[in-house]
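For reference, the structure is listed below as structure tokens.
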Amino acid sequence: MQSWERARRTLREKIGDRDFETWVQPLRVAEPHAGKVAVFAPSKFYRDWVSRHFLDAIRASFCSDGEDPPEVLFQVETGRQRELFAAPTPEVADNSSSAAPVVRRSVLRVGNLVPRYTFANFVVGTSNEFAHAAARAVATRPGEKYNPFFVYGGVGVGKTHLVNAIGHAVLAKNPFAQIVYIPSEGFVNDMIAALRRDRMDEFKSRFRKVDLLIIDDVQFLAGRERTQEEFFHTFNTLHEGHRQIVLTSDKYPKDIPDLEERLRNRFEWGLTADIQAPEMETRVAILQKKAEMEGLSLPADVASFIASEVTANARELEGALTRLAAMASLQSSEMTVPFAASVLGPQRRERLRTVTMDEIQRAVSDHFGVTLSEMKSKRRTQRVAFARQIGMYLSRRLLSTSYPQIGQKFGGRDHSTVIHAQNAVERRLKTDAALAAAIEKLERTLTQRTT
Ligand code: ADP
Ligand code: MG
């Protein structure tokens, strides 16, 4: 399916500038999601006219060769929505350095949600079945019963995945839902930026008008009094309006230090659910799921072997599988237990040692021949940008640091830039065995160096 950006170009060519300007320009069109496209029309008249005259053209414009056209759903825009869209929309640019507000024109997009973090891709086991069932219930009836929904658990156990899945499910049911996913540090950054630019009203109205607000890793609000205050009011407004709030944290609300009592208290109003480290069976199932998604063949005995060696969490499992697949393709080896043991064996012990972001930046800049200050600069030459992406990727892999914190250390970039970097590197690793080997080696030196 084409993005709207592309589709609109096709459409303009097809129907001509004049009709385009008159009829299409005033529409707000969401990115296609689950075979559906939500279109907001400024009035009933527009809606009827456009659906009578341009529906087929719009549908066709989204298709690449041979694809089925999406279903197009029209809705007349409400005042609330108009206001939301009227807000300035900073670019979600890859290299944007400012703390870009997260609610952009893209509230309509799946953009803030990680595409692959869906319920379909989420493996359910005893460690997460309660949280999963609760998440399903929340997605079915957002804002009704379990508000807020508070998910807590250790690093890499699937909190971010699960809350994104709620967002996808809500969107699939109602393509017009206004959804914001934001790591809590993004909320902090956006607020600071709004304060600095004297745009607090705008900030407030953005967050207070969504149907589903997902704030990831709220423990990072600790000690941020001004942000907590603002969030408290946002929370109340949404809650009173029966809008769904979903929160994650590494701890139970009561155990988050430096959090205002009234917030802590509210976090427990709805439903809290924890996710534990996955047990053996779930670990095997997660590996099989990932292998299936990546089109890797993973023999059962190798899956069991990895699952018995890598026990900490799902993220580690994923990392082990990626590494294994990369090494197998590089050395043209079969995926066997001895091979897995040779790749994973040494790695595992090393991972227990701590690495710092400074060390990662230094190692990456050495390896790619860029200077440390270039890494942290705003320069966008391909060489520098690439090294920076690798640095971000490694930081995310080796440290339990949040996206916004990583962005901060790489020249004050936005969390979305870090997520983008991580995805870009992961994609590339699948086809670039030399890069996989280089990263493997970097990781090894890094984790060995700091005994
Ligand atoms: P957290 O937010 O708790 O630190 P994430 O949601 O980022 O953890 O999960 C880390 C990785 O592990 C993600 O790539 C996610 O897709 C994967 N993962 C976690 N739990 C599951 C699960 N139950 N099924 C499939 N993948 C999972
Ligand atoms: Mg997370």
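Any read-out appearing in this document is the output of simple, stated calculations on the displayed coordinates, not a laboratory observation. Predicted, not measured: the structure shown is a model, and the values here were computed from it. Ideal geometry is used to build each Cβ from the backbone, glycine not excepted, and the neighbour counts take in all protein chains shown.
Annotation: the residues D56, D216, D274, sorted from fewest to most other C-beta atoms within 10 Å of their own C-beta, follow the order D56, D274, D216. Qualifying GluC sites (Glu not before Pro) in the stretch 123-186, where qualification requires a DSSP coil assignment and no more than 14 other C-beta atoms within 10 Å, comprise E144. Plugging the Kirkwood radius over Cα pairs into Stokes-Einstein for the stretch 280-347, at a temperature of 4 °C and a viscosity of 1.567 mPa s, what D comes out in µm²/s? The diffusion coefficient I find is 112 µm²/s. Ranked for footprinting exposure by Cβ neighbours inside 10 Å, fewest first, T237, T126 give T126, T237.
Separation of the alpha carbons by more than 18 angstrom is noted, of K409/K441; K289/K441; K36/K145; K159/K251, for K409/K441; K289/K441; K36/K145. Bridgeable aspartates and glutamates around K44 (alpha carbons under 15 Å apart, same-chain partners fewer than 8 residues away excluded): E77. Could you tell me the calculated FRET efficiency between R383 and K14, based on Cβ-Cβ distance and R0 = 41 angstrom, to the nearest 0.05? Step by step, r from the Cβ atoms, then E = 0.55. Computed per residue of the chain from DSSP H runs no shorter than four, each worth -39500 (n - 2.57), the mean residue ellipticity at 222 nm is -16000 deg cm²/dmol. Judged by the mean number of other Cβ atoms found within 10 Å, the most tightly packed of the peptides 192-200, 207-215 leads the ranking 207-215, 192-200.
Basic side chains Lys and Arg get +1 at the Cβ, acidic Asp and Glu get -1 at the Cβ, and with that the dipole of the stretch 4-85 about its Cα centre reaches some 300 debye. What FRET efficiency comes out for D48 versus R116 if R0 is 41 angstrom and r is the Cβ-Cβ distance? Round to the nearest 0.05. After rounding, the FRET efficiency stands at 0.65.
In the stretch 357-447, the convex hull through the Cα atoms has an average projected area of 5.1 nm², a quarter of its surface area.
Between the stretch 1-36 and the stretch 379-406, the alpha-carbon centres lie 34 Å apart.
Straightening the chain between V124 and T445 buys 112.0 nm, computed as 0.36 nm per residue apart minus the Cα-Cα spacing.
Label-to-label distance for L330 and A300 is 3.1 nm, based on points extended 7 Å past Cα in the beta-carbon direction.
Taken as entire DSSP H runs, the helices of the chain that both span 15 Å or more between Cα atoms along their own long axis and average -0.5 or more on the Kyte-Doolittle scale are 129-140, 159-173, 184-196, 280-294, 314-330, 337-350, 382-398, 415-429, 433-449. Using the average count of surrounding beta-carbon atoms within 10 Å as a protection proxy, the listed peptides 243-249, 441-447, 62-68 rank, highest first, as 243-249, 441-447, 62-68. Within the shell of other residues whose beta carbon sits under 10 angstrom from the beta carbon of D216, the net charge comes to -1, with Lys and Arg scored +1 and Asp and Glu -1. Each of V370, A424, Q382 was scored by the projection of its Cα onto the charge dipole of the stretch 357-447, and the greatest displacement toward the positive side belongs to Q382; charges sit on the C-beta of Lys, Arg, Asp and Glu. Per the Debye formula on identical point scatterers at the alpha carbon atoms of the stretch 4-85, with no solvent, log10 I(q)/I(0) at q = 0.11, 0.17, 0.25, 0.27 Å⁻¹ is -0.26, -0.64, -1.34, -1.49. Of the peptides 417-423, 1-7, the order by per-residue mean of other Cβ atoms within 10 Å, starting with the highest, comes out as 417-423, 1-7. Debye sum, Cα scatterers, the chain, no solvent: what log₁₀ I/I(0) at q = 0.05, 0.09, 0.12, 0.14 1/Å? Results for the chain at q = 0.05, 0.09, 0.12, 0.14 Å⁻¹ read -0.19, -0.65, -1.14, -1.45. Altogether, the Stokes-Einstein calculation at 10 °C and 1.306 mPa s, with the Kirkwood radius of the stretch 109-275 over Cα pairs as Rh, returns a diffusion coefficient of 100 µm²/s. With contacts taken as Cα pairs under 8 Å at a separation of at least 6 residues, the chain carries a relative contact order of 14 percent.
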